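Q: Structure in structure tokens, see below.
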Amino acid sequence: MPELPEVETVRRGLNLVTLNQTIQGGDVLLDRTLADPSSAVNFLAGLQGTKIVQWQRRGKYLLAELVRDSEAGREDKAGKEDREGAQARSHEPHNNPSIQHPKSNIQNGYEPGAMSLPNPQSPISNPHLAGFLGVHLRMTGQLLWVNSAEPLPKHTRVRLFFASGHELRFVDQRTFGQMWWVPPGMAPEAIMTGLQALGPEPFSEEFSVSYLYEQLHHRHRPIKSALLDQAIVAGIGNIYADEALFLSGIRPEKLCTRLSHNQVKQLHANIVQVLLDSIEAKGTTFSTFRNVEGVNGNYGGRAWVYARDGQPCRTCGTVIARLKLAGRSAHFCPRCQK
């Protein structure tokens, strides 16, 4: 399943290619891809004639802010300034030593503040919005920006046609992905109810060491399972939970109640670090993840433990092991992690 770095990679790619172009129509090839409205006619009618002025991300959800053509001009100037500012910040060095790990020699070049983090709990501040387009990629979903003349992939579920002659295709082999149209004046979480249960973003001020310790110290469950709980922290999945635990020297089956404050502090730092490292690498591709241009992510080649069972640890040479926790695989080094 695409996790925060993969979804953030898609968000950034979409902001480079889809903005301020009129959605002229679309085609829903699999009705159950639509979470709300369930009617393809109503879904496409809500989007037709709108332009996307910004893609945002909340956890693993994508949210596109929509305006009607008459409002697109005023949004374009503000959106361009925001994008240029974000691109400038993305090339500034990241100088916060609290999230640097001595094992990591990757210069990530990203600031947490440069990432677009919407707050769906806040009132809608832009009265000109024509609603939102929401997307959750789930296990195998892909959003691909292609010329409309490109052959249609077998597992294409939804197509959105743009005035530029391009289209945005939602391709999903396993068919678990979902899309929403949120009408004007509605808060996204009122329609996309999964947003209501999300914990803080890993790069937000709310996700502090004290917050994480408070969430973990009383829980009698394996730390790996806790990190996958989206109500504790949004966006982390199997890959980056394994990676952060390795960098912290913590076994995935260790109970949360047995973690010291210093261990939680180190884990907090490494959660942030490994997410930044993967965003720099444009995510991880082990099976189906692609960015909007259909290109694989590169983090898999530098992973410490995830999907490396049977291979030597990059640090000590011990064979990487795998175990099952609540039906999910956990990868770890028996020597480096205690």
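Q: Out of P200, P118, P188, which single residue is at pLDDT below 95, open to solvent by less than 30 Å² (accessible area, probe 1.4 Å) and under 20 Å from the mean Cα position of the chain (by Cα)? Reasoning before the result, please.
A: Numbers: P200 fails: at pLDDT below 95; P188 fails: at pLDDT below 95.
Just a single option satisfies the conditions, and that option is P118.
Q: For V292, only one of the following conditions fails: (1) in a loop (DSSP other than H, G, I, E, B); (2) surrounded by fewer than 20 Cβ atoms within 10 Å (Cβ to Cβ); (3) modelled with pLDDT of 65 or more. What is its number?
A: Failing condition for V292: (2).
Q: What residue, of Y240, Y211, is open to solvent by 10 Å² or more (accessible area, probe 1.4 Å) and among the aromatic types (F, W, Y)? Talk me through it step by step, then tell me what you get.
A: Numbers: Y240 fails: open to solvent by 10 Å² or more (accessible area, probe 1.4 Å).
It is Y211.
Q: Same structure again: Quick check on my filter: what residues within segment 39-52 are exposed (fewer than 15 other Cβ atoms within 10 Å of the Cβ) and either under 23 Å from the mean Cα position of the chain (by Cα) or in contact (Cβ under 8 Å) with a residue 40 or more places away in the chain (or both)? Write out each step before concluding.
A: Here is the first cut: in segment 39-52, the residues exposed (fewer than 15 other Cβ atoms within 10 Å of the Cβ) are 39, 41-42, 45, 48.
Once the filter is applied, which keeps residues that are exposed (fewer than 15 other Cβ atoms within 10 Å of the Cβ) and either under 23 Å from the mean Cα position of the chain (by Cα) or in contact (Cβ under 8 Å) with a residue 40 or more places away in the chain (or both), segment 39-52 yields only N42.
Q: Hey, another quick one. Being among the hydroxyl-bearing types (S, T, Y) and closer than 30 Å to D36 by Cα is the filter here; which residues of segment 193-224 pass it?
A: Just the residues of segment 193-224 that are among the hydroxyl-bearing types (S, T, Y), to begin with: 193, 204, 208, 210-211, 213.
Within segment 193-224, T193, S204 meet the criteria.
Q: Look through D36, D76, D27, D82 and report the one residue that is surrounded by fewer than 16 Cβ atoms within 10 Å (Cβ to Cβ) and either modelled with pLDDT of 90 or more or aromatic (F, W, Y) (or both).
A: Values: D36 fails: surrounded by fewer than 16 Cβ atoms within 10 Å (Cβ to Cβ); D76 fails: either modelled with pLDDT of 90 or more or aromatic (F, W, Y) (or both); D82 fails: either modelled with pLDDT of 90 or more or aromatic (F, W, Y) (or both).
Exactly one residue qualifies, and that residue is D27.
Q: Go through segment 327-338 and report how many residues are within 17 Å of I250 (Cβ to Cβ) and in a loop (DSSP other than H, G, I, E, B).
A: If we filter segment 327-338 for residues that are within 17 Å of I250 (Cβ to Cβ), which is where we start, we get 328-338.
Applying the additional criterion that residues be in a loop (DSSP other than H, G, I, E, B) yields 333-338.
The number of residues fulfilling the criteria is 6.
Q: It is to be established whether one or more residues within segment 47-69 are at pLDDT below 95 and assigned to a helix (DSSP H, G or I).
A: yes
The values are calculated or read from the model by the stated rules, or taken from the named source; none is laboratory data. Just so it is clear, the model here is predicted, and its values are computed rather than measured. When we count neighbours, we look across all protein chains shown, and the Cβ atoms used for this are built from the backbone with ideal geometry, even at glycine. Only protein heavy atoms, including side chains, enter the accessible area calculation; ligands, DNA and RNA are left aside. Shrake-Rupley method; radii C 1.70, N 1.55, O 1.52, S 1.80 Å.
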